[in-house]
Amino acid sequence: MTYDYHSQVSSIYLGKDIERLPLLDNFIKNKKFSYHKGDLEPYDRVYEFHDQHSLYNTTEENHDLTEEPLSLSRRKWLVLAAAFLAGIEFNGISYCWGVFQDYYQREMFGNDDETKLKLTFIGTTISFMSLTMFSPTEYIVSKIHFRGALLFVIALVFCGFAAAPFCTQIWQLYISLVICTGTGFGILFSVCIFSIAQWFSDQEINTAYGILFASTGVAGSTIPFLVTWISEHWSMQCAYHSLNSICLLFNIIALIIIREKPHHQVMDHQETQTRSLKEYESEEEVIAEIITVKHFHSHEDTNIESLSNRSLLRKVYLLVLNNPSILTWLIIGFLRSTVDISPFTFLPSYATFIGLSPMQGAITIALMSITSTIGPICTGFIADFWLEKVDTLIIFTAGFSVSALGWVFSYNYNALLLSAALMGFCSPSYFTLAIPVLGDITDPNVFSFSISVAYFVNAVGIIAGPFAANAIESIFSIEPFMTHKLGCFFIPGLTIIFIFLFKMKLK
């Protein structure tokens, strides 16, 4: 855990023995100890900190800082509900892009390999943009706050979807869907992540992110079918306009509900370890504590401030690659990303390969989407109220590996349904816990940059996994889809080894 200056300093002096501050003042006035000028600056800041928030008053007018107003308690669940709807929106385009791509190949651009590659890259790039906008969004929010950022999202997404039906060239689709819509979805996703981090405490943050990522399953089980039905009964242009209307509605809801949490609480005593002056054995320990805090904070500020003048690669080295825990976590994320999406991508084709009907393949994917809605919520709940986050990830990663072993031997409809249900339940576990774990091992000043790096690595893994599996199948004469099935079985097992290494580093 990183050293939070304000929470640590205030935890020393803002406990139940706040009236003992004059005692500390007497320690300093006695001048029994040698210290340099400026060493007691944090002590002065503590007094300023008290004055700003009127914490000197010990009368009944002082509210209990551990009590959360009912209006704020309700508001955070409204914020989560708005983020959930937004999650359906920015996950929906990733799931339904295959429908659009099939239309463009049949009706407009042809079915040659070059066209397939260009159109496939549009969907991949939209997903990539959605996952790598955390650092730019942090800067945007610092200037225009959540509401301004969401207004920017509404403009980008609306203009992108409004222009897409009139595109006659592939490069025009890149401008409308990747630059406009993809950027808008990336900012929207980042705002949802930042708002949930503000509104929910450590005791419920994993469940909150689980509910957010459950929107992935809802999007996968509804949006593609809706787009397909509209395109078959009317036209693909109507499908674009319908999707644009849904996104506009969800974005307006997010604009109305999602906002920064009011800073009504200076400190939550239930979450902060309080050390009162009674626990100090001597005056020397009090002075040493102040000097240590001051020097640590000064050193930390220097490091963070110096990062603004460094190149991007230097930032990656200092904040990520030079930290063994973060580096191990990135490896875990890359390995999981190579296989987490494969079942969703290849199960429909595998169903027809073993002789099932296209409708049975669609039902298989629908079942997997339903269980992938339940899985993140269960993952977050277990991580909050039963096990640690890392232990929860180990269990669900092992469950994904076992379910993939069932896929290896699934050559009938019932066995495939069972494997699909289990894989859908376990596959979102990494993405559910990734951001809370990063919050535990990174400095708050570089948290968003660390998320950007982590999701960039995940996006590379999502692309590299299926590509490597297809390349192996083309080189060796093996059963179709066998590389995907074996990869989903062995790679999670390898991931568990790295998770144990990560757990050892944390200890």
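The values are calculated or read from the model by the stated rules, or taken from the named source; none is laboratory data. All values derive from a computational prediction rather than experimental measurement. Note: ideal-geometry Cβ built from the backbone for every residue, glycine included; neighbour counts use all protein chains shown.
Scan the stretch 417-433 residue by residue and report those that are surrounded by fewer than 23 Cβ atoms within 10 Å (Cβ to Cβ) and either in contact (Cβ under 8 Å) with a residue 40 or more places away in the chain or not assigned by TED's automatic domain parsing to the domain that holds residue 380 (or both).
At the first step, the residues of the stretch 417-433 found to be surrounded by fewer than 23 Cβ atoms within 10 Å (Cβ to Cβ) are 417-418, 421-422, 431.
Hits for the stretch 417-433 are 417, 421, 422, 431.
What are the residue pairs meeting all of these: first residue in the stretch 235-263, first residue among the acidic types (Asp, Glu), second residue part of a helix (DSSP H, G or I), Cβ atoms under 7 Å, and 6 or more apart or on different chains?
Listed pairs, sorted by first residue: 260/145; 260/146; 260/198.
Table: residues versus (1) modelled with pLDDT under 90; (2) assigned to a helix (DSSP H, G or I).
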{"site": "211", "(1), (2)": "no, yes"}
{"site": "219", "(1), (2)": "yes, yes"}
{"site": "223", "(1), (2)": "yes, yes"}
{"site": "242", "(1), (2)": "no, yes"}
{"site": "245", "(1), (2)": "no, yes"}
{"site": "249", "(1), (2)": "no, yes"}
{"site": "265", "(1), (2)": "yes, no"}
{"site": "274", "(1), (2)": "yes, no"}
{"site": "287", "(1), (2)": "yes, yes"}
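Which residues, counting only those in the stretch 140-168, are of a type in the set (Ser, Thr, Tyr) and either in contact with a His (Cβ under 6 Å, 6 or more places away or on another chain) or not in a helix (DSSP H, G or I) (or both)? Before you say what the answer is, go through the steps one by one.
At the first step, the residues of the stretch 140-168 found to be of a type in the set (Ser, Thr, Tyr) are 142, 168.
Hit for the stretch 140-168 is 168, nothing else.
Any idea which of 349, 403 is surrounded by 23 or more Cβ atoms within 10 Å (Cβ to Cβ), in the same structural domain as residue 483 (by TED's automatic domain parsing) and touching a residue at least 12 places away in the same chain (Cβ under 8 Å)?
On the way: 349 fails: surrounded by 23 or more Cβ atoms within 10 Å (Cβ to Cβ).
Going through 349, 403 in turn, just one is surrounded by 23 or more Cβ atoms within 10 Å (Cβ to Cβ), in the same structural domain as residue 483 (by TED's automatic domain parsing) and touching a residue at least 12 places away in the same chain (Cβ under 8 Å): 403.
From the list 404, 362, which one is among the small types (Gly, Ala, Ser) and at pLDDT 90 or above?
Numbers: 362 fails: at pLDDT 90 or above.
It is 404.
Report the residue count in the stretch 55-113 for those that are buried (at least 19 other Cβ atoms within 10 Å of the Cβ), modelled with pLDDT under 85 and small (Gly, Ala, Ser).
So the answer is 2.
Residue 154: buried (at least 21 other Cβ atoms within 10 Å of the Cβ), β-branched (Val, Ile, Thr), touching a residue at least 24 places away in the same chain (Cβ under 8 Å) and closer than 24 Å to residue 214 by Cα, yes or no?
Numbers: buried (at least 21 other Cβ atoms within 10 Å of the Cβ): no; β-branched (Val, Ile, Thr): yes; touching a residue at least 24 places away in the same chain (Cβ under 8 Å): yes; closer than 24 Å to residue 214 by Cα: yes.
Taking the combined requirement at face value, the residue does not satisfy it.
In this structure, does residue 129 turn out to be in contact (Cβ under 8 Å) with a residue 12 or more places away in the chain, surrounded by 16 or more Cβ atoms within 10 Å (Cβ to Cβ) and not aromatic (Phe, Trp, Tyr)? Give the derivation first.
Details: in contact (Cβ under 8 Å) with a residue 12 or more places away in the chain: yes; surrounded by 16 or more Cβ atoms within 10 Å (Cβ to Cβ): yes; not aromatic (Phe, Trp, Tyr): yes.
For residue 129, the condition - in contact (Cβ under 8 Å) with a residue 12 or more places away in the chain, surrounded by 16 or more Cβ atoms within 10 Å (Cβ to Cβ) and not aromatic (Phe, Trp, Tyr) - is met.
Considering only the stretch 179-224, state which residues are of a type in the set (Ser, Thr, Tyr) and farther than 20 Å from residue 77 by Cβ.
181, 183, 190, 221, 222
Working carefully through the options 472, 463, 496, find the one that is assigned to a helix (DSSP H, G or I) and either free of Cβ contacts under 8 Å to residues at least 12 places away in the same chain or crowded, with 20+ Cβ neighbours inside 10 Å (or both). Before you say what the answer is, go through the steps one by one.
Values: 463 fails: either free of Cβ contacts under 8 Å to residues at least 12 places away in the same chain or crowded, with 20+ Cβ neighbours inside 10 Å (or both); 496 fails: either free of Cβ contacts under 8 Å to residues at least 12 places away in the same chain or crowded, with 20+ Cβ neighbours inside 10 Å (or both).
The match here is 472.
Failed condition for residue 455, given (1) under 26 Å from the mean Cα position of the chain (by Cα); (2) in contact (Cβ under 8 Å) with a residue 24 or more places away in the chain; (3) surrounded by fewer than 19 Cβ atoms within 10 Å (Cβ to Cβ), with all others met?
(3)
If you check residue 357 against the conditions, is it touching a residue at least 12 places away in the same chain (Cβ under 8 Å), of a type outside the set (A, V, I, L, M) and on the phi < 0 side of the Ramachandran plot?
The answer is no for residue 357.
What residue, of 120, 137, 181, is surrounded by fewer than 18 Cβ atoms within 10 Å (Cβ to Cβ) and assigned to a helix (DSSP H, G or I)? Even if it seems obvious, please write down each step before you answer.
Working: 137 fails: surrounded by fewer than 18 Cβ atoms within 10 Å (Cβ to Cβ); 181 fails: surrounded by fewer than 18 Cβ atoms within 10 Å (Cβ to Cβ).
The unique qualifying residue is 120.
Please state which one of 383, 398, 366 is in contact (Cβ under 8 Å) with a residue 40 or more places away in the chain, over 14 Å from residue 346 (Cα atoms) and surrounded by fewer than 19 Cβ atoms within 10 Å (Cβ to Cβ).
398
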